[in-house]
Each structure stands twice: as C-alpha cells, then as structure tokens.
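A.B. asks: Quick one: the structure is below, and I'll ask about it shortly.
Nothing in this text is a laboratory measurement; each read-out follows from the coordinates by a stated rule. No experiment lies behind these values; they were computed from the predicted model shown. Using ideal geometry, Cβ is built from the backbone for each residue, glycine included, and neighbour counts are taken over all protein chains shown.
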Amino acid sequence: MPTEVIMPKVDMDMASGTIMAWHAEAGQMVDAGDPLFDIETDKAAMEVEAPASGILHHLAPEGTKIAIGEPVAWLYAEGEEVGAPPSAAPAAEEVPAAPAPKEEAAPEPAHAAAIPAAEGLRATPRARGLAREGGIDLAAVAGTGPRGRIQAGDVAALLKASAAPAQGGALSITRAKGGTGTPVILLHGFASDAASWAPLEPALRHRPLIRIDLPGHGGSPTLPIPDFAALAALIRRTFTELDLARAHLVGHSLGGALALALADTRPRNIESLTLIAPAGLGPEIDGAALTGITRATRLESLAPWLRRLVHDETIVTDGYARAVMTARADPGLRAAQAGMAEALFPDGVQAFDLRAALARLQAPTRILWGRRDRIIPWRHALEAKGAVALHLFENIGHLPQIEAPEEIGKLLAAHL
Amino acid sequence: MNAENTPEVRTLSYAEAIREAMDIALAEDERVVLMGEDIGVYGGAFQVTGDLVEKYGETRVMDTPISELGGAGVAVGAALTGLRPIFEFQFSDFATLAMEQIVNQAAKLRYMLGGAVSVPVVMRFPAGSGTGAAAQHSQSLEAWLGHVPGLKVVQPSTPEDAKGLLLAALDDPDPVMIFEHKLLYKMQGPVPEGRYHTPIGKAAIRRVGSDLSIVATSIMAQKAIAAADELGKSGVEAEVIDLRTVRPMDRETVLASVRKTGRLLCVYEGVKTLGVGAEVSAMVAESDAFDFLDAPIVRLGGADAPIPYNPELEKAVVPQVPDIVEAAAALAQGRT
C-alpha cells in the first residue's frame, strides 16, 4: 500500500498551500526526512520532508494550490505496482473557490471546518484591539464563539496564560552536556534564538553552557514586554532562578545589553562579561533591518535582511536562509517579535541607554565588534572606558560568532 | 427640576401625569390649547384629557371634527400664529391621515420661510399594540416621523417622563411628536409635583450593568428592565438605556455604554426592519464604539407583519420579556 504525502498544515489559519518546487522527480527513490517539496502559504514558505521512504509517484504539479490534508504525491515501495492515484479524487485537485451550491441545504461537516480559515479569521473588534495591544497574533488564539469566532475573553485568556509564567520559570533554558567550573550563560540577540550559539559552542564546551531564549524567541513563550526594563527584569528573575553563585555572561546585540544590565544589578554573581556587538551604547540601530526581519513571511523577503547582518554575504546561503525562515514560520512568534521591536526600538532608535551601567562595571569585561557591522555602529564600543577590553574585527559584520566562530571562540576560550 | 424647593413626589398613573402636565400648562400659559377628537366632554379616546374641558372651557379644550388632516392643520396654523397647541390623535395610526400637515408643513415651514417662523406644536400619539385593537389601531410609527428633519420625536416610558417630556415639548420652539404607549397609560410611578422638564434628546440609564447594553424605547424599556432583573438572578448584568427621544438621539449615552459593555441589544416595538434599532445599531457601528464590540449587534423588534387581532398572535409579533431574557443571555454568553 503506497504512503500518502499530504499538504501539511504549517500555519494556524492555513487553508491551503501552493507547491513551489519538487526536490525529487516522479519515479525517484526518496528517504524519510529528505527534503521533498517547497510550499508557500499566505504567511510562509517552507520545505516539507518526505514522511516515509519510497518511490515518488503522482506528483501534484508545481504551482498547484492544494487544500491542507489533501494528497500531493504517493510513495510506493520498491516493486509495488503503480497504477492510478489511490485516492478517488485526483491528487492535484484545485481548491474550489466556493462550495458548489446545493439544491438541498444539507449541512456539510467536511466543508464547515475549512470555511472559517478560507474566509479569514473571525474575531470581534474588541478582540482584535486586545490582540493588537497585547502583541498577540490572532492566528494563535483559539476562538470559542460561534463558528470559531475569537472574542475578547479568548484573547484575554491567552494574555493571562502567557503573562502568568512570567512570575517564574517563564523562559526556555537549554544546557550543553559536559563542562566544568563556572558556567557560561549565553544570551542571544533580537530575532535570533539559542541555536545561534552553535558555531561558537565547540570553543566553550569546557564550561557548562546555559542558553536562555528571550521571550517570543526560540522555545520561550510570548510575554508582554512593554520596555527594556521589563525585559531586563525578566532576565534577572530567570538568572535568580538558575541559582548560580557565579557565572560568565556572554551576550550578543540585544543579549549583550541584557548581559550588561544583569551584570549591573548582580555584580557579585558575575565572573566576567563578554559583549558581542552589544545594544544599549548609543541610539543608532538599523531599524529597517529589524522591521524587515520581523515582517518577512518568506525566504525572498527575509534573505536580503539576513545578508545585511554579515559582511561576507556569501555565508547567507539559501539553505541557511531557509532554516532561519523555517524557525520563524510561526506567525505568533513573528508578531511577538514585531511588538518587542516596537517597544525596544521605537522608530528605529535604541530607546534604552546602558552607558552608565558600562561605566559602573566591576567584572572583567570584553567588547567584541565587527568593524563592518551594518546594524549597530561599532563606534558605540568607544563608550567603554578603562579596564574594558576592546576587540575589533576587520571584515566582520553584526554576527562575529557566526562569521568568524573560530577566531571568536579562541578569544573567548582564553578567558572563560 | 426646580432646584430651589424640592417638589413633593406622588404616585400617579402615566395618563394622570400627562393630564397634570396639560393642566399646569393650561393654567400657566394662556397660549396653550388642547385640540383633538373627543377630548372634551368624552375625555379622550384613552381618557387622558379627562375633565380638563370643565376646568378650562371649550375654547381651551377643543373637540375637532373627525378629520385628522383638518385638525392637525388647525393646530399647525394656530402654532404658526402664536398659540401653543397640543393636538391629540385617537390612535397614532391616524398619523397617516395627517402626514401632509406633519411632514410637509409643521416640519418644513421654519426652513421654507428662512427661519422667520417656527411651529411650536405638540402632537400626542397613543401608540403600540396589546389592546386587541388590531392592525389599523396598534402600530408603532415613531420611526416614520423620526425620519423627518424638522421634527422631534419622543417616547416616554414612565409617568415622570410623560409629564416632563410634555412640558419640555411645550417649551420647544419646534414641532414635537410624543408617542405614548397605550399599555403604559395605567402604569403607576412617582411623579414630582409642579413644573419640570425631562430633557428632549437625553436618554436615561434605567439600570447599570457591565455585561451588555440594552437600548430600548417606550414600553420596551420597561420590559427590558424586567428582563434585566431576571438576568441578574443568573449573574448577567445588563445595562438598560431608555432612549426616551428617538430624534434627536442621545448618541453619547449609547456609545459610552457600548464602549463599556462591548455588547448591544436593541429592543423596540416598531417593525424591526428599518426601525429605531436599525438607527441605533448603525450609529454604534459607525462610531469609535465599534472597536469595543465583542459580539454582533442584536435587534429585537416587531415582526414584519401587521399586528394581528388574535391576542396570542398579537403578543407573538412584538418582543416580550422572555424574548429579551433569551436574546440578552445569548449575547452576554457569546452565543450569538
């Protein structure tokens, strides 16, 4: 019996997806997990993997729009006879624009589920307003009203649910195996996540590594972040709950600003501070890039902004960009980050100033910066006084830990 | 109300309160005259004018011939030439016969003559169903007249407002149409003594609530209060707004309530289609209060049908308390 390959549901409110490209041809053997085809929805473009191993047949043509759950191809075992597509309906059935009118108005449960999504989200004006204020994407809200309508109470419940854990244990914390001595806490930058430390981690493995995902990023829930102080307080609570006597802090960009704020308020617990292209040392920041990244719903709109992050744009390969887009496929996450960008960087300006904190630092501190950084000007590093070590890198952009992981890793390993 | 000396408050019926207002006006202002069919010796079709003819004589309380067009025309002309006539229709349904005088003359003359004149006429319309008077004597036509620029249209729902709105109407320089619900004439309620105004164009919040706003007119305001009390037992707190004036409508009171509750139920006896509730709904939908709506607006109005003679059917074609309870509960619980 051949295995059905279906159009997956990747967005909460997705009704159908368009096959953009097949990575395999009819008759080709594919393994489970191989990239099989690319789809595009209203909100995202993404790659779909083969659900099983087998020989690919009955492919829906590229460019076809297919309802979720409908087959797009079939995978046959070797030697299995390939006849007509197993389903009665043609595999590449077009999504009907509207259900055909019936002479008898019999209810049609099969259609009922699909119609709300096809018509767009049902939400009351008040619910929409609450969601806007709370930075919640309505697509992430389950409507309890008639026909799945989202009402104010549904949004309020979600806001409450996401606000509640903020009292403790809210943020996703992941740890690398192994390592001894004083742990290293890694704080990633805006619109990134803990996985972005991977290239740098081989150089730091001798220490226990603790990665924190910022709210609305990676594995952390969306939390209301009205301003930088609220975000810094959240990181401070998270640090307190880690219950560490001493820790090294490594922060990149926004994570650098948060590391600096944490070191300022918990000086006795901080062994050292490493700030990579940190925010908070001056007003300038590339607001267009922040907006561009948070708004991007597909590869084509995301990739140009990803290339701006680095100096050597060739390191932003299609595969890398696709991986980033896949990580950002959740519209709720994108909406949360857009809200956070608006709160932290209104009008494309860094609305928080940590220069005084920098001047007060007691822990040994290093600032690392690429001199080709197009997001935050490296000259902000010149705010550092006295004992702060400054490392500037030629031909490096805003992501030194990704652009030159070995060089950065060697430097960090010597001190941590 | 007079702030200097607090007037005594008695319990009067709605009809008595109207009669008292006319009595005060007749006594204080010799320009005031009453006109209408059988309002003299007979005392009016619903006994509202009562024995006023004995007190003020037939020059102040005038029986008019059985022609609404003729009587209304005399009243409009009298208003134009300096009197303050109160013209009573036997049934509001007979407004149809006097439309020329109401719509083309009373409402238009100030405009047509460049503001040189005004038409301070008051017309009283016994309206609504529930008396077994069948299709030609039971209608609620306030929306018809509410559609005419130049007219003010009020619908008192309590004895106090019936008196206060009539006295306010007499002091208004322009034509004011008062729709009195026939089933309310016997309603008892507190009425202050002496002269006072219930402001035209100002709604009354009859009951404060947080879960939904019920905007109702005339007898439906009373039914809405009863429904809200019933709903209160199950924890649904309805705010009841008695519109009191349908033209000009009290926009601010309605919008403020909807902003607070996020849910709007309009209840009115007139035919639902193109009725007062349609205007209230549109006013909310067009305003900033729209952003506060958490459910579709719901209207309960009269059926798209003539009022039947059969008493059970007569009840069935206009909203009743259980209908309001059901609609309000569904709305408040997010079931609509």
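A.B. asks: May I ask you to give the average projected area over all directions of the convex hull of the Cα atoms of the stretch A:312-416, in nm² rounded to one decimal?
C.D. replies: Details: hull surface 34.0 nm².
Hull-based average projected area comes out at 8.5 nm².
A.B. asks: Any idea how far the Cα center of the stretch A:237-309 sits from the one of the stretch A:1-72, in Å?
C.D. replies: The stretch A:237-309 and the stretch A:1-72 have Cα centres spaced 37 Å from each other.
A.B. asks: Per residue Cα convex hull volume for the stretch A:155-241, in cubic angstrom? List each step's numbers first, then the result.
C.D. replies: Working: hull volume 8.4 nm³, N = 87.
Spread over its residues, the Cα hull of the stretch A:155-241 gives 97 Å³ apiece.
A.B. asks: Any aspartates and glutamates with Cα under 14 Å of the A:Lys177 Cα? List them, leaving off those in the same chain fewer than 8 positions away.
C.D. replies: Cross-link targets: A:Glu201.
A.B. asks: Roughly how many Å is it from the Cα centre of the stretch A:388-414 to that of the stretch B:285-299, as a whole number?
C.D. replies: Here the two parts' Cα centres lie 56 Å apart.
A.B. asks: In which sequence would A:Thr182, A:Thr238, B:Thr6 go, from the one with the fewest C-beta neighbours within 10 Å to the one with the most?
C.D. replies: Details: A:Thr182 16, A:Thr238 24, B:Thr6 10.
By the 10 Å Cβ count, ascending, the order reads B:Thr6, A:Thr182, A:Thr238.
A.B. asks: Now a separate question. To the nearest 20 debye, what charge dipole does the stretch A:122-165 have about its Cα centre, counting +1 at the Cβ of each Lys and Arg and -1 at the Cβ of each Asp and Glu? Present the calculation step by step, with values, prior to reporting the outcome.
C.D. replies: Numbers: 7 positive and 3 negative charges, 41 e Å.
So the dipole magnitude of the stretch A:122-165 works out to roughly 200 debye.
A.B. asks: Right, here's the next one. Of all DSSP beta bridges located in the stretch B:185-336, what percent are antiparallel, nearest 5?
C.D. replies: Working: 3 of 16 bridges.
Around 20 percent antiparallel, to the nearest 5.
A.B. asks: Would you mind finding the longest exposed-site-free stretch of chain A, with exposed trypsin sites (Lys or Arg not before Pro) meaning DSSP loop and at most 10 other Cβ atoms within 10 Å?
C.D. replies: Values: sites that count: A:Lys102, A:Lys177, A:Lys385.
The answer is A:178-384.
A.B. asks: Can you tell which of A:His398, A:Ala232, A:Ser301 lies farthest toward the positive end of the dipole of the stretch A:168-415, using +1 and -1 charges on the Cβ of basic and acidic side chains (Lys, Arg; Asp, Glu)?
C.D. replies: The Cα lying farthest towards the positive end belongs to A:Ala232.
A.B. asks: Same structure again: Across peptide A:325-334, how many C-beta atoms of other chains are within 10 Å of each residue C-beta, on average? Let's see the in-between values first.
C.D. replies: Details: counts 0, 0, 0, 0, 0, 0, 0, 0, 0, 0.
That works out to 0 on average.
A.B. asks: Out of the DSSP beta bridges found with both residues in the protein assembly as shown, what percent are antiparallel (nearest 5)?
C.D. replies: On the way: 35 of 92 bridges.
Approximately 40 percent, going by the DSSP bridge assignments.
A.B. asks: Then there is this: In whole Hz, what ³J(HN,Hα) sequence does the stretch A:378-390 give by Karplus (6.51, -1.76, 1.60; θ = phi - 60°), x for Gly and Pro?
C.D. replies: Couplings: 4, 5, 4, 4, 5, 5, 5, 10, x, 7, 6, 7, 10 Hz.
A.B. asks: Residue by residue through A:151-160, how many Cβ atoms from other chains fall within 10 Å of the Cβ on average?
C.D. replies: Working: counts 5, 6, 2, 2, 1, 0, 0, 0, 0, 0.
Partner-chain Cβ atoms within 10 Å, mean over residues of A:151-160: 2.
A.B. asks: Net charge near B:Val32: determine it from the other residues with C-beta under 12 Å of the C-beta of B:Val32, scoring Lys and Arg +1 and Asp and Glu -1. Kindly include the intermediate steps, with their values, before the conclusion.
C.D. replies: Working: positive: B:Arg31, B:Arg60, B:Arg84; negative: B:Asp23, B:Glu28, B:Asp29, B:Glu30, B:Asp171.
After counting each charged neighbour, the total is -2.
A.B. asks: Is the stretch B:204-332 best put as rounded, prolate or oblate by its Cα gyration tensor, with a ≥ b ≥ c the root eigenvalues, rounded for a/c under 1.5, and otherwise prolate when a/b is larger than b/c, oblate when not?
C.D. replies: Values: a/c = 1.82, a/b = 1.30, b/c = 1.40.
Taking the square roots of the gyration eigenvalues as a ≥ b ≥ c, the stretch B:204-332 is oblate.
A.B. asks: Semi-axes, largest first, in whole Å: what does sqrt of 5 times each Cα gyration tensor eigenvalue give for chain B? Mind showing how you got there, number by number?
C.D. replies: Values: eigenvalues 220, 83, 82 Å².
Ellipsoid half-lengths, sorted descending, are 33, 20, 20 Å.
A.B. asks: Okay, moving on. Let me confirm one metric for peptide A:120-132, namely the mean number of other chain beta-carbon atoms within 10 Å of its residues' beta-carbons.
C.D. replies: Going residue by residue through A:120-132 and averaging, the value is 3.
A.B. asks: Further question on the same structure: Quick query: amide H of B:Ile241 versus all other amide H atoms, modeled in the peptide plane; which residues come in under 5 Å with a sequence gap of 5 or more or a different chain?
C.D. replies: Those lying under 5 Å, H to H, from B:Ile241 are B:Arg206, B:Ile214, B:Val215, B:Ala216.
A.B. asks: Enter the angle in degrees (range 0 to 90, nearest 10) between the Cα long axis of helix A:318-327 and the first principal axis of the Cα atoms of chain A, meaning the one along which they spread out most.
C.D. replies: 90 degrees
A.B. asks: Which order do the peptides B:232-239, B:198-205 take when ranked by the mean count of other beta-carbon atoms within 10 Å per residue, highest first?
C.D. replies: Values: B:232-239: 15.8, B:198-205: 17.8.
Final packing ranking: B:198-205, B:232-239.
A.B. asks: Extent of the stretch A:3-76 along each principal axis, from alpha carbon coordinates, in Å, largest to smallest?
C.D. replies: So the three principal-axis extents are 32, 20, 17 Å.
A.B. asks: Looking at B:Val246, B:Met283, B:Ala15, which one has the Cα that reaches farthest to the positive end of the dipole of chain B (charges on Cβ: Lys, Arg +1; Asp, Glu -1)?
C.D. replies: Value computed over the given set: B:Met283.
A.B. asks: Quick check: the angle from helix A:299-309's long axis to the longest principal axis of chain A, C-alpha only, nearest 10 degrees?
C.D. replies: Rounded to the nearest ten degrees, it is 10.
A.B. asks: Another question about this same structure. Can you bin the stretch B:10-192 into rounded, prolate or oblate? Criterion: square roots of the alpha carbon gyration tensor eigenvalues sorted a ≥ b ≥ c, rounded for a/c under 1.5, prolate for a/b above b/c, oblate for the rest.
C.D. replies: Values: a/c = 1.42, a/b = 1.20, b/c = 1.19.
The shape class here is rounded.
A.B. asks: Please list the non-local residues whose amide H lies under 5 Å from the amide H of B:Val153, H modeled 1.01 Å from N, same-chain partners needing a gap of 5 or more.
C.D. replies: Correct list: B:Met177, B:Val246, B:Arg247.
A.B. asks: Helix A:254-265 versus the longest principal axis of chain A: what is the Cα-based angle in degrees, 0 to 90, to the nearest 10?
C.D. replies: Taking Cα atoms only, the helix is inclined about 40 degrees.
A.B. asks: How many percent of DSSP beta bridges within the stretch A:168-415 run antiparallel, rounded to 5? Before the final figure, lay out the partial values.
C.D. replies: On the way: 4 of 27 bridges.
Once the DSSP bridges in the stretch A:168-415 are tallied, antiparallel ones form about 15 percent.
A.B. asks: Then there is this: For a quick check of your reading of the filter: which chymotrypsin sites (Phe, Trp or Tyr not before Pro) in the stretch B:145-216 sit in a DSSP loop and have no more than 15 other Cβ atoms within 10 Å? Each step should come with its number before you reach the end.
C.D. replies: Details: sites: B:Phe179, B:Tyr185, B:Tyr196; in loops: B:Tyr185, B:Tyr196.
In loop regions of the stretch B:145-216 (DSSP not H, G, I, E or B), there are no sparsely surrounded chymotrypsin sites (Phe, Trp or Tyr not before Pro).
A.B. asks: Distance between the C-alpha centers of the stretch A:200-220 and the stretch A:361-382? Whole Å please.
C.D. replies: Distance between centres, Cα-based: 20 Å.
A.B. asks: Could you pull out every one of the lysines with an alpha carbon less than 23 Å from that of A:Lys9, ignoring same-chain neighbours closer than 8 positions?
C.D. replies: Hits, sequence-local ones excluded: A:Lys43, A:Lys65.
A.B. asks: Follow-up question, since we're still on this one. Please identify every one of the GluC sites (Glu not before Pro) in the stretch A:313-416 that sits in a loop by DSSP and has no more than 16 other beta carbons within 10 Å of its own beta carbon.
C.D. replies: Working: sites: A:Glu313, A:Glu342, A:Glu383, A:Glu394, A:Glu403, A:Glu406, A:Glu407; in loops: A:Glu394.
Counting only loop positions with at most 16 other Cβ atoms within 10 Å, the GluC sites (Glu not before Pro) in the stretch A:313-416 are A:Glu394.
A.B. asks: Here's another thing I want to ask about it. Taking a ≥ b ≥ c as the square roots of the eigenvalues of the Cα gyration tensor of the stretch B:53-101, is the shape rounded (a/c under 1.5), prolate (a/b larger than b/c) or oblate? Don't skip to the end; give the middle numbers.
C.D. replies: On the way: a/c = 2.39, a/b = 1.36, b/c = 1.76.
It comes out oblate by the Cα gyration axes.
A.B. asks: Thinking of the protein assembly as shown as a set of Cα atoms, what percent of all their pairs are more than 46 Å apart? Display every interim value, and only then the final one.
C.D. replies: Numbers: 136274 of 282376 pairs.
Value for the protein assembly as shown: 48 percent of Cα pairs lie more than 46 Å apart.
A.B. asks: Sticking with this structure for a sec: Using only helices, what value at 222 nm comes out for chain B when you add -39,500 (n - 2.57) per DSSP H run of length 4 or more and divide by the total residues, to the nearest 500 deg cm²/dmol? Could you put the intermediate results ahead of the total?
C.D. replies: Numbers: 11 runs with 109 residues, N = 336.
Mean residue ellipticity, 222 nm, calculated: -9500 deg cm²/dmol.
A.B. asks: Of B:Lys108/B:Lys260; B:Lys152/B:Lys223; B:Lys55/B:Lys182; B:Lys108/B:Lys315; B:Lys108/B:Lys163; B:Lys163/B:Lys272, which sit over 30 Å apart, Cα to Cα?
C.D. replies: Numbers: B:Lys108/B:Lys260 39 Å; B:Lys152/B:Lys223 24 Å; B:Lys55/B:Lys182 25 Å; B:Lys108/B:Lys315 37 Å; B:Lys108/B:Lys163 27 Å; B:Lys163/B:Lys272 28 Å.
Too far apart for the 30 Å limit: B:Lys108/B:Lys260; B:Lys108/B:Lys315.
A.B. asks: Continuing with the same structure: If each residue's Cβ is checked for other Cβ atoms within 10 Å, how do A:Asp31, B:Asp250, A:Asp353 rank with the fewest at the top? Please list the in-between numbers first.
C.D. replies: Values: A:Asp31 10, B:Asp250 21, A:Asp353 15.
Arranged by neighbour count, lowest to highest, A:Asp31, B:Asp250, A:Asp353 become A:Asp31, A:Asp353, B:Asp250.
A.B. asks: Sequence gap at least 6, Cα distance under 8 Å: using those rules, report the relative contact order of chain B to the nearest whole percent. Intermediate values should be presented prior to the final figure.
C.D. replies: On the way: 772 pairs, mean separation 54.2, N = 336.
The normalised contact order for chain B reaches 16 percent.
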